[in-house]
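S.K.: Pasting a structure here, questions to come.
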Amino acid sequence: MTSKSPETTLIDLRPEPLTKEAFAPFGQIIEADHDKSYLINEGTTRRFHDLAQADVSDREGEAIFSIFRGTPRPLPIAIYMMERHPLGSQAFVPMQPAPWLIVVCEDENPTATGCRAFLASGVQGIQYHKNVWHHPLLVLEPTQDFLIVDRKGPADEGAANLEERWFEGGGALLKIP
């Protein structure tokens, strides 16, 4: 962890709406898309089909389901680091209808100025492509659960699928509208 000094520069980061087009470089949005749906179970259930594909098979990986329970950070949220998973995609699907935040970075060496923030509705999930720099889970409610689909591989690979980078010389203040 890099220490933060009084000379640390902070930039303002404001979330934009989460849309398929804006989020496409980072991953997929998972939401009930009527165009990808059809009725099943004698017409009593609508199946929203093939909304995202888990990419976890590198180095004998397999898809697993977990639940993450997030708690909010103090506002405005200070963003000083990013993480990524080079061996597999990672999906976050909210289990309560509450908005939440996503911060990603397009740069190979993430910086605060390269960050983009998105405000997701409580009915929008996302799946990060593998190798996408993103901030750990950011929630706005006192307690918020997410269904997570990500990768599990051989025990000796634990650290191989998680990279963290702390920003040099500054960070971003994520301001909620």
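The values are calculated or read from the model by the stated rules, or taken from the named source; none is laboratory data. Everything numeric here is computed off the predicted structure, so don't read it as measured data. Glycine gets a Cβ as well: all are built from the backbone with ideal geometry, and neighbour counts include every protein chain shown. The accessibility values were calculated without ligands, DNA or RNA, using every heavy atom of the protein model including side chains. Shrake-Rupley method; radii C 1.70, N 1.55, O 1.52, S 1.80 Å.
S.K.: Spot the failing condition for LEU147; the list is (1) surrounded by fewer than 16 Cβ atoms within 10 Å (Cβ to Cβ); (2) out of contact with any strand residue (DSSP E or B) (no Cβ under 7 Å at 6 or more places or on another chain), and only one is missed.
M.R.: (2)
S.K.: Still on this structure: For segment 125-144: of the residues being open to solvent by 20 Å² or more (accessible area, probe 1.4 Å) and not acidic (Asp, Glu), which is nearest to GLY27 (Cα to Cα)? Give the derivation first.
M.R.: We begin by selecting, within segment 125-144, every residue open to solvent by 20 Å² or more (accessible area, probe 1.4 Å); these are 129-131, 136-137, 140-143.
Imposing the further condition that a residue be not acidic (Asp, Glu) reduces the set to 129-131, 136-137, 140, 142-143.
On the way: HIS129: 5, LYS130: 8, ASN131: 10, PRO136: 15, LEU137: 15, LEU140: 22, PRO142: 27, THR143: 25 Å.
Looking at residues that are open to solvent by 20 Å² or more (accessible area, probe 1.4 Å) and not acidic (Asp, Glu), I get HIS129.
S.K.: Yes or no: ILE102 over 25 Å from LEU173 (Cβ atoms), part of a strand (DSSP E or B) and not charged (D, E, K, R)?
M.R.: On the way: over 25 Å from LEU173 (Cβ atoms): no; part of a strand (DSSP E or B): yes; not charged (D, E, K, R): yes.
Considered against the rule, which asks whether it is over 25 Å from LEU173 (Cβ atoms), part of a strand (DSSP E or B) and not charged (D, E, K, R), ILE102 comes out as no.
S.K.: So which residues in segment 102-129 are at pLDDT 95 or above and of a type in the set (D, E, K, R), if there are any at all?
M.R.: Answer for segment 102-129, where residues must be at pLDDT 95 or above and of a type in the set (D, E, K, R): just ARG116.
S.K.: Have a look at ALA22, ALA54 and point out the one that is farther than 30 Å from GLY153 by Cα, at pLDDT 90 or above and either of a type outside the set (Lys, Arg) or open to solvent by less than 30 Å² (accessible area, probe 1.4 Å) (or both).
M.R.: Details: ALA54 fails: farther than 30 Å from GLY153 by Cα.
It is ALA22.
S.K.: In addition: Any residue that is under 24 Å from ASP33 (Cα atoms), in contact with a strand residue (DSSP E or B) (Cβ under 7 Å, 6 or more places away or on another chain), touching a residue at least 40 places away in the same chain (Cβ under 8 Å) and small (Gly, Ala, Ser) - is there at least one of those in segment 106-113?
M.R.: To start, the set of residues in segment 106-113 that are under 24 Å from ASP33 (Cα atoms) comprises none.
Within segment 106-113, none of the residues are under 24 Å from ASP33 (Cα atoms), in contact with a strand residue (DSSP E or B) (Cβ under 7 Å, 6 or more places away or on another chain), touching a residue at least 40 places away in the same chain (Cβ under 8 Å) and small (Gly, Ala, Ser).
Matching residues to (1) acidic (Asp, Glu); (2) closer than 22 Å to GLU16 by Cα; (3) touching a helix residue (DSSP H, G or I) at 6+ places or on another chain (Cβ under 6 Å):
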{"position": "ASP107", "(1), (2), (3)": "yes, yes, yes"}
{"position": "GLY122", "(1), (2), (3)": "no, yes, no"}
{"position": "ASP150", "(1), (2), (3)": "yes, no, no"}
{"position": "LEU162", "(1), (2), (3)": "no, no, no"}
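S.K.: Inspect all residues belonging to segment 62-78 and state whether any of them is more than 30 Å from LEU10 (Cβ to Cβ) and assigned to a loop (DSSP other than H, G, I, E, B). Before you say what the answer is, go through the steps one by one.
M.R.: Just the residues of segment 62-78 that are more than 30 Å from LEU10 (Cβ to Cβ), to begin with: 62-67.
If we keep only those that are assigned to a loop (DSSP other than H, G, I, E, B) too, we end up with none.
For segment 62-78, residues more than 30 Å from LEU10 (Cβ to Cβ) and assigned to a loop (DSSP other than H, G, I, E, B): absent.
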